[in-house]
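The structure appears right after this line, and notes come after that.
The values are calculated or read from the model by the stated rules, or taken from the named source; none is laboratory data. Everything numeric here is computed off the predicted structure, so don't read it as measured data. Quick reminder, even Gly has a Cβ in these numbers, built from the backbone with ideal geometry, and neighbours come from all protein chains shown.
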Amino acid sequence: MIPWEEIDRAKVSGHEGDVILLKRGTEFSIRTAGTELMNSRRHGSEDALAELTCRRIKRKSGRRILIGGLGMGYTLAAALEQSEPDTLITVSELIPAVVRWNREHLGHLAGMPLDDPRVSVEEEDVAETISKRKSAWDAILLDVDNGPDGLTRKANERLYDKSGLKTSFSALRHRGILAVWSSGADEAFTRRLKQGGFQTETVTVPVHKSGKGGRHTIWLAEMKDVP
């Protein structure tokens, strides 16, 4: 078997271990503390995060989408594929090295989505991006850490607590959608979404596009109509 080759590594604020980019043949992996965060051969659920969300956006034109977490660019690529020419997508990525890796090593995997003129990148915590503007987004897609249970950074959990959900609610346009990726189910998070004013659907999707292997969880939380 071909051994893994380390391409690069980066520090993450608030996390003791490095985030590491590895390559084996044509396969890429991003890991931290011995845990694989993403793999170029298993991105079915990342694609589904964008596909399921974009199909539910009610606005027909002028869509504004925020993606929290660039990863290997698969969610971004899927969102672009589902979007119109006048859609604008902002990607908020905390780790500058991940943006650089996409430009230098990973971009070809998802079709160079960062080169699309509809895309802009904010190198910052997505929680900060969300808090900057109210009623700004038709959809906020969060693929941050391992989901509501922070793995690489405990600070990420603030996205998913009651206060964080309230901020996301305020940042969405009318009938906007908050979509959240997770490696597994979390009933407590589902309850928080409903308590925060979201009409929530929880779906499980395959890790692989073929449908084989494990499954991940996606929450599709739509703002309830205000009476």
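Applying the condition of being surrounded by fewer than 17 Cβ atoms within 10 Å (Cβ to Cβ) and among the acidic types (Asp, Glu) to the range 142-201 and asking which residue is modelled with the highest pLDDT yields 201.
Within the range 183-227, being among the hydrophobic types (A, V, I, L, M, F, W, C), out of contact with any helix residue (DSSP H, G or I) (no Cβ under 7 Å at 6 or more places or on another chain) and assigned to a loop (DSSP other than H, G, I, E, B) holds for 185, 226. Every condition in (1) of a type in the set (A, V, I, L, M, F, W, C); (2) buried (at least 20 other Cβ atoms within 10 Å of the Cβ); (3) over 18 Å from residue 120 (Cβ atoms) is met by residue 33 except one, and the failing one is (2).
Determine whether residue 58 is out of contact with any Ser or Thr (no Cβ under 8 Å at 6 or more places or on another chain), outside any strand (DSSP E or B), surrounded by fewer than 20 Cβ atoms within 10 Å (Cβ to Cβ) and of a type in the set (D, E, K, R). I'd like the intermediate steps shown before the answer.
Values: out of contact with any Ser or Thr (no Cβ under 8 Å at 6 or more places or on another chain): yes; outside any strand (DSSP E or B): yes; surrounded by fewer than 20 Cβ atoms within 10 Å (Cβ to Cβ): yes; of a type in the set (D, E, K, R): yes.
Considered against the rule, which asks whether it is out of contact with any Ser or Thr (no Cβ under 8 Å at 6 or more places or on another chain), outside any strand (DSSP E or B), surrounded by fewer than 20 Cβ atoms within 10 Å (Cβ to Cβ) and of a type in the set (D, E, K, R), residue 58 comes out as yes.
Listed conditions (1) farther than 15 Å from residue 176 by Cα; (2) crowded, with 21+ Cβ neighbours inside 10 Å; (3) under 16 Å from the mean Cα position of the chain (by Cα); (4) hydrophobic (A, V, I, L, M, F, W, C) are all met by residue 80, apart from (2).
Entry remark, the range 202-227: residues being hydroxyl-bearing (Ser, Thr, Tyr), surrounded by fewer than 19 Cβ atoms within 10 Å (Cβ to Cβ) and in contact (Cβ under 8 Å) with a residue 24 or more places away in the chain number 1 in total.
Hand me the list of helices (runs of 4 or more DSSP H) wholly inside the range 84-182 holding 2 or more residues that are charged (D, E, K, R) and farther than 11 Å from residue 68 by Cβ. Step through it out loud before you land on a result.
On the way: elements: 96-101, 126-132, 162-171.
Where helices (runs of 4 or more DSSP H) fall fully within the range 84-182 and carry at least 2 residues being charged (D, E, K, R) and farther than 11 Å from residue 68 by Cβ, they are 162-171.
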